[in-house]
Amino acid sequence: QVQLVESGGGLVQPGGSLRLSCAASGSIFSISNMGWYRQAPGKQRELVARITSVGSTNYADSVKGRFTISRDNAKGTVYLQMNSLKPEDTAVYYCNANIRGAADNHFRNYWGQGTQVTVSS
């Protein structure tokens, strides 16, 4: 059973930093794109950042220059370093990945359970 497990959320003051981690577990053959999405109360889920298996990245305009996505392919883990956090970054952050399980012949899309990030003084 493939799973994505997130960690690293919490409460931080404006201007502060947090680092989110998301580890894929289970019988995995390959992982392609990995990314982070977020959903604030009353809003739709939106893409924050995405990274391909070879390290190409793209970011939402609202986080460019403040957030950095990275991955460790050997560990099946994706990270999101968030700096200069603003109150409007408050949301539940979800990890997302396209994973081919050991018993699969195609990639499936998986979501983590979500981790709360709250930016407030």
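Checking the stated criteria, L11 turns out to be on the phi < 0 side of the Ramachandran plot, loosely packed, with under 13 Cβ neighbours inside 10 Å and modelled with pLDDT of 95 or more. Taking residues in the stretch 3-19 that are over 11 Å from M82 (Cβ atoms), and partners anywhere that are among the aromatic types (F, W, Y), the pairs with Cβ atoms closer than 6 Å and at least 6 places apart or on different chains are L4/Y110. Listed conditions (1) part of a strand (DSSP E or B); (2) under 24 Å from A103 (Cβ atoms) are all met by S53, apart from (1).
If you filter the stretch 24-76 down to residues that are farther than 21 Å from V117 by Cα and β-branched (V, I, T), you find that the one that is surrounded by the fewest Cβ atoms within 10 Å (Cβ to Cβ) is V54. The residues of the stretch 77-99 that are among the charged types (D, E, K, R) and either open to solvent by 70 Å² or more (accessible area, probe 1.4 Å) or part of a loop (DSSP other than H, G, I, E, B) (or both), listed by number, are K86, E88.
The values are calculated or read from the model by the stated rules, or taken from the named source; none is laboratory data. Here the structure is a predicted model, which is why all the values come from computation and not from measurement. Neighbour counts are summed over all protein chains in view; Cβ atoms, including those assigned to glycine, are modelled from backbone coordinates with ideal geometry. Note: accessible area is taken over every heavy atom of the protein model, side chains too, but ligands, DNA and RNA are not part of it. Shrake-Rupley method; radii C 1.70, N 1.55, O 1.52, S 1.80 Å.
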